[in-house]
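Read the figures in this text as sums done on the coordinates, not as results from a lab. As the structure is a prediction and not an experimental result, all values here were calculated from the model. Ideal geometry is used to build each Cβ from the backbone, glycine not excepted, and the neighbour counts take in all protein chains shown.
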Amino acid sequence: MNVTTIGIDLAKTVFSIHGTDQHGKVVVRKRLNRPKLLAFFAQLPPCLIGMEACSGAHYWAREMTKLGHDARIIAPRFVAPYRKSSKNDDNDAEAICEAVSRPNMRFVPIKTEDQQATLSLHRIRRGLTKERTAQINQIRGLLAEFGLIIPQGRYAARRRVPEILEDAENGLPMLARRLLNNINQRILQLDEEILAYEQAKRLMAIPGIGPQTATALLASAPDPRQFKSGRHFAAWLGLVPRQYSTGGKPRLGRITKRGDKYLRTLLIHGTRAVIATIDTKEDRLSA
């Protein structure tokens, strides 16, 4: 089979394949189930393989690379313009095959297993943080039903909830007291779990960047040598203004928010933390 370029529409069980030869002629168009996918590519000569960035894309890209192929991952928004008809698996595979062959296409760097493991830590921590926030909001709402108001924030809840539960004169029914105590114990457990995930070694000494942001950057960001300057890295993160310029008149709007939302959030909060204490410092950077 004289195939040089292949587009794969990834899925959980059934994968659509679209392959062309060096002249752009379609030579393979089929669907394969998961157990047969690697066996199919193992019998092909080395070729260019494209796939959209989605769940499992980095795993499949690594496996294709082990077989000697040139596997590349493309952001979905760069594939959409090449779709010629309605959206379905076969048309998506054809669009990916067309997009991956473009000389100026941008690709997503393939992550290693260690990078994905580090990102798993951050995703688990983020999920626990959201769960803790939901539990705190729930306990605040339930207490408000009994006329007991506590300030916003987990530190206020951590201080006031035990006081309310121990106060026998506030009119809180015993059943509600037991239920709220269960929620509070779950919040304390979440505090311990989140703290355990934060026990990472400090990898960078940049102001506003601690272990959490440093490990997230190392796991998510591509090789820094791919960026010409800090501004290019900011554009990759979506921190630069959105541009809508025409007729030689530049128009800049809000930030594009095109990059990794989680990284952007960490860096913005880190910057705010630095600015909040900058008036108490006299070093050159603060000045």
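Qualifying chymotrypsin sites (Phe, Trp or Tyr not before Pro) in region 158-257, where qualification requires a DSSP coil assignment and no more than 16 other C-beta atoms within 10 Å, comprise Phe227, Tyr244. In terms of other Cβ atoms within 10 Å, Glu52, Glu163, Glu282, Glu63 run from fewest to most in the order Glu282, Glu163, Glu63, Glu52.
For the chain, the longest principal axis of the alpha carbon atoms and the long axis of helix 261-276 meet at an angle near 40°.
Over all orientations, region 5-100 has a Cα convex hull whose mean projected area works out to 5.5 square nanometres.
The angle between the Cα long axis of helix 154-166 and the longest principal axis of the Cα atoms of the chain comes to about 40 degrees, rounded to the nearest 10. Cross-link reach is defined here as a Cα-Cα straight distance under 17 Å, omitting same-chain residues fewer than 8 places apart; for Lys84 the lysines meeting it are Lys25.
Contact order for region 15-149, expressed relative to its length and based on alpha carbon pairs under 8 Å spaced 6+ residues apart, stands at 21 percent. The charge dipole of the chain, taken about its Cα centre with unit charges on the Cβ of Lys, Arg, Asp and Glu (plus for the first two, minus for the last two), comes to roughly 920 debye. What FRET efficiency comes out for Lys281 versus Tyr155 if R0 is 35 angstrom and r is the Cβ-Cβ distance? Round to the nearest 0.05. Between Lys281 and Tyr155 the formula returns 0.90. For Rg/Rh (Cα atoms, Kirkwood Rh), several values are listed as (i) 1.10; (ii) 1.37; (iii) 1.01; flag the one computed from this structure. Among (i) 1.10; (ii) 1.37; (iii) 1.01, the one derived from this structure is (i). Sorted largest first, the principal axis extents computed over the alpha-carbon atoms of region 54-168 equal 71, 35, 22 Å. Here the convex hull built on the C-alpha positions of region 211-280 has a volume of 130 cubic angstrom per residue.
In this model, which of Lys66/Lys111; Lys12/Lys36; Lys12/Lys130 are farther than 19 Å apart at the alpha-carbon?
Lys12/Lys130
Shown here for region 176-268: trypsin sites (Lys or Arg not before Pro) in loop regions (DSSP other than H, G, I, E, B) with at most 16 other Cβ atoms within 10 Å, namely Lys201, Arg202, Lys228, Arg251, Lys257, Arg258. In degrees, nearest 10, range 0 to 90: what is the angle between the Cα axis of helix 174-197 and the longest Cα principal axis of the chain? Taking Cα atoms only, the helix is inclined about 50 degrees. Comparing Cα centroids, region 89-114 and region 26-82 end up 8 angstrom apart. Taking a Cβ cut-off of under 11 Å around Ala11, the surrounding Lys, Arg, Asp and Glu residues balance to a net charge of -1, with basic ones at +1 and acidic ones at -1. Listing Ile124, Ile110 from fewest to most neighbouring C-beta atoms within 10 Å gives Ile124, Ile110. As a proxy for reagent exposure, ranking Val26, Val3 by other Cβ atoms within 10 Å from fewest up yields Val26, Val3. Counting only residues at least eight positions apart within a chain, or on another chain, the lysines with an alpha carbon under 24 Å from that of Lys249 are Lys257. With the largest listed first and rounded to whole Å, the semi-axes of the equivalent ellipsoid of region 156-201 from the Cα gyration tensor are 28, 11, 5.
Antiparallel beta bridges, as assigned by DSSP with both residues in the chain, represent about 65 percent of the total such bridges.
Counting only C-alpha contacts under 8 Å and six or more residues apart, can you give the relative contact order of the chain as a whole percent?
Answer for the chain is 12 percent.
Using 0.36 nm per residue and subtracting the Cα-Cα separation, the extra length available between Gln243 and Arg83 on full extension is 55.1 nm.
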